[in-house]
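Colleague: First, the structure itself, so that you have it in front of you.
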Amino acid sequence: MATTALTGRPRPLLRWKQPSVIPGFGLTLGFALTYLSLIVLIPLVALILRPVDMGFAGFWHAVSAPRVLASLKISFGAALLAAIINAFFGLIVAWVLVRYRFPMKRFVDALVDLPFALPTAVAGIALTGIYAPNGWIGRFFEPLGIKLAFTPLGIVIALIFISLPFVVRTIQPVLQDFDAEFEDAAASLGATRWQTFLMVILPSIAPALLTGFALAFARAVGEYGSVIFIAGNMPMVSEVAPLLIVTKLEQYDYAGASAIAIVMLCFSFLILLAVNRLQRHLSRHRERVA
Amino acid sequence: MIRRISPATLNVRSEPAWLRILLIAVSVSFIVVMLVLPLISVFTEALAKGFAPYLATIADSDALAAIRLTLLVAVIAVPLNLVFGLCAAWAVAKFDFRGKSLLITLIDLPFSVSPVISGLIYVLLFGARGWLGPVLDEYGIKIIFTVTGLVLATIFVTFPFIARELIPLMLEQGSEEEEAAISLGAGGLQTFLRVTLPNVAWGLLYGVLLCNARAMGEFGAVSVVSGHIRGKTNTVPLHVEILYNEYDFVGAFAVASLLALLALVTLVCKSLLEWKFGDRLAGGAKH
């Protein structure tokens, strides 16, 4: 066995930490891990172990209740729709902010982050006021027989609001780094501008677009604060899954609440996994280009 | 040789003017309708009946108690996450150890958890029918429906903000400067205060700003653990909901306008930091 000359102690064959002259490793990592465990890991494990507590049959019974299924369908459906709309408009906004010059561009750019900064409850009551039948926008749809607030459409509107920045902010840096010489090459080979966009630019920003879409989708599925004001919250029609968790908690139905939560959590982890893989692909791609 | 760029070369990198104008118009209208209108409506609704009722709502004792509570929660939660962020970033950026990328993933975990679930996990642990609730109750410790619960839920939802700002920044900067300071005889704390901290100060401020905005504005997670006791466990966002559900719309929007102002101040500071010190923030400064 190899021994170090100085101490004569056996050196582990596989070291889990590289030696360093900088102090504080044990202290900082120890504190970080303790804090992480106490605040995040242990409480999350307590949730995940709930089905063990209540039995798998009880878990399945809670998840397959019609009202629960309906709420999950509404949450996922509205979030998917909002993420698709945001992927479309988010791409245009990112494109315009990176490529074009126009007055007040910095101001518009800064505004994109508003949904991150504005508390969800504030967004919720403001959107409800605007899209209500007598609101600034709702009044134009009322004569057409279209109700926006207090319907599933209202949920989609709130979710578009809160998840817009994810798409824009994920695409922007990638578009910024895109080498315009590829466009010149495409043009010199006879491609039209539209062909260049579809076949040269879009493929290289596609991973970022997908990542932004996934992040927006994940955020929208779990959204609560902005939705509950505008949704109308009718069971089976416009009741989102997070609201049903709250309702079940208020009735001390811990098993029912945790069952819905676990389904949503599993979904979040899948999304997180997908985003991680996409991002790895993205960075590899960017290294190759550079 | 001087390279001359003919107008034709420039043209292949851009679109015809009508399309540019159309795309700009679509973007700006989308942002105005989706983002600016709601923001303006908060202030117009709040002032719908003039200044006096506006001020009366904000000076109401329940509203003031909510403001105090929100400030208290932020004052506890943000510094704790700050210490955690610094420790995690130091351990991750200055050392090489196994499981590092797992640690970074775990730190980001709270971002992918629904706010309601962030509150739920503490109810499952500390609630009246939770795992630890009955035990703690015997010792007279209550967490759910108290300020402690609010602080815990707020720490959870704001957990990653500062760490995820500092980690990429400190990874980018490497550890040569610290190694130099140590080899010249500086102590660990001295190295941290005089070498590391000045290097990451703006990134740190950026993270604190975002962390604070979320801590003061969080709704879902605190709603689950609060119990909505007026004057006791009611934060500002929860107070907005109570007033709104009581059909006191002017009151709800008046209190909401305070939060909207906080959001605007946050946005302005954030933009200033990005414009002035963008090079000293982490590469992926935008969230």
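Colleague: Along the three principal axes, how long is the stretch B:1-147 when you take its alpha carbons, biggest first, rounded to the nearest angstrom?
Modeller: Principal-axis extents of the stretch B:1-147 (Cα, largest first): 83, 61, 26 Å.
Colleague: Out of the chymotrypsin sites (Phe, Trp or Tyr not before Pro) in the stretch A:109-200, which ones are loop residues according to DSSP with at most 16 other C-beta atoms within 10 Å?
Modeller: A:Trp136
Colleague: Percentage of Cα-Cα pair distances in chain A greater than 26 Å, rounded to whole percent?
Modeller: Of all Cα-Cα pairs in chain A, 60 percent lie more than 26 Å apart.
Colleague: Quick one: what do you get for the stretch A:147-290 if you divide its Cα Rg by 2.2 N^0.38 Å?
Modeller: Rg over 2.2 N^0.38 Å, computed on Cα atoms: 1.40.
Colleague: If you don't mind, another one. Please state, to two decimals, what the Cα-based radius of gyration of the stretch A:174-220 comes to when divided by 2.2 N^0.38 Å (N = residues).
Modeller: 1.39
Colleague: If you average over every viewing direction, what projected area does the convex hull of the Cα atoms of the stretch A:16-163 give, in nm²?
Modeller: Result: a mean projected hull area of 16.9 nm².
Colleague: Then there is this: Send over the semi-axes of the protein assembly as shown's equivalent ellipsoid, whole angstrom and largest first, taken as the square roots of 5 times the C-alpha gyration tensor eigenvalues.
Modeller: For the protein assembly as shown, the ellipsoid semi-axes come out as 37, 36, 24 Å.
Colleague: Taking the simple approach of a point 7 Å from Cα along Cα-to-Cβ for both B:Trp18 and B:Asn245, what is their distance in nm?
Modeller: Reported label-point gap for B:Trp18 and B:Asn245 is 5.4 nm.
Colleague: Separate question: Can you list the equivalent-ellipsoid semi-axes of the stretch B:77-204, largest first and in whole Å, using the square root of 5 times each Cα gyration tensor eigenvalue?
Modeller: Over the Cα atoms of the stretch B:77-204, the ellipsoid semi-axes are 36, 16, 13 Å.
Colleague: Moving on to the next point. If we count trypsin sites (Lys or Arg not before Pro) as exposed when they sit in a DSSP loop and have at most 11 other beta carbons within 10 Å, what is the longest stretch of chain A that avoids them all?
Modeller: Value returned for the longest uninterrupted segment is A:102-290.
Colleague: Something else about it: For the pairing of chain B with chain A, what total accessible surface becomes buried, with a 1.4 angstrom probe, in square angstrom to the nearest 100?
Modeller: Using a 1.4 Å probe on protein heavy atoms, the buried area is about 8400 Å².
Colleague: For chain B, what is the largest minus smallest coordinate of the Cα atoms on each principal axis, given in angstrom and ordered from greatest to least?
Modeller: Sorted largest first, the three principal extents are 80, 60, 31 Å.
Colleague: If Lys and Arg each add +1 and Asp and Glu each add -1, what is the summed charge of the other residues whose beta carbon sits under 13 Å from the beta carbon of B:Thr154?
Modeller: Residues close to B:Thr154 contribute a combined charge of 0.
Colleague: With chain B treated as a Gaussian network of Cα nodes joined by springs under 10 Å, which of B:Leu184, B:Leu171, B:Leu39 yields the largest mean-square fluctuation?
Modeller: B:Leu184
Colleague: Give, in whole angstrom and from largest to smallest, the semi-axes √(5λ) of the equivalent ellipsoid of the stretch B:169-282, with λ running over the eigenvalues of the Cα gyration tensor.
Modeller: 42, 17, 9
Colleague: Can you give me the accessible area per residue for the protein assembly as shown, using a 1.4 Å probe, in Å²?
Modeller: 46 Å²
Colleague: Past the 22 Å Cα-Cα mark, which pairs from B:Lys94/B:Lys270; A:Lys17/B:Lys100; A:Lys73/A:Lys147; A:Lys147/A:Lys248?
Modeller: The answer is B:Lys94/B:Lys270; A:Lys147/A:Lys248.
Colleague: Further question: Only helical DSSP H runs with n ≥ 4 go in: add -39500 (n - 2.57) per run for the protein assembly as shown, normalise by residue count and round the 222 nm mean residue ellipticity to 500 deg cm²/dmol.
Modeller: -22500 deg cm²/dmol
Colleague: Considering only the other residues whose Cβ falls under 14 Å of the Cβ of A:Arg193, what net charge follows from Lys and Arg at +1 and Asp and Glu at -1?
Modeller: Within the 14 Å Cβ shell, the charges total 0.
Colleague: While we're looking at this one, here's another question. Sticking with the crude label model, points 7 Å out along Cα→Cβ, report the distance from B:His228 to A:Ser20 in nm, one decimal please.
Modeller: Going by the 7 Å Cα→Cβ label model, 4.8 nm.
Colleague: Over all directions, average the projected area of the Cα convex hull of the stretch A:40-89 and note it in nm².
Modeller: Dividing the Cα hull surface by four gives the mean projection, 5.0 nm².
Colleague: Ok, one more. Return, for the Cα atoms of the stretch B:135-196, the radius of gyration and Dmax in Å, separated by a comma.
Modeller: Just the Cα atoms of the stretch B:135-196 yield Rg and Dmax of 19.7, 55 Å.
Colleague: For the stretch B:215-287, which chymotrypsin sites (Phe, Trp or Tyr not before Pro) pass both filters: DSSP loop (anything but H, G, I, E, B) and at most 15 other C-beta atoms within 10 Å?
Modeller: Sites meeting the loop and neighbour criteria: B:Tyr247.
Colleague: Percent of Cα-Cα pairs more than 19 Å apart in the stretch A:201-284, please.
Modeller: 51 percent
The values are calculated or read from the model by the stated rules, or taken from the named source; none is laboratory data. Quick caveat: nothing in here was measured; it's all calculated off a predicted structure. Note that we place each Cβ from the backbone using ideal geometry, even for glycine, and neighbour counts take in every protein chain shown. These area figures cover heavy atoms from the full protein model, side chains too; ligands, DNA and RNA do not enter into them. Shrake-Rupley method; radii C 1.70, N 1.55, O 1.52, S 1.80 Å.
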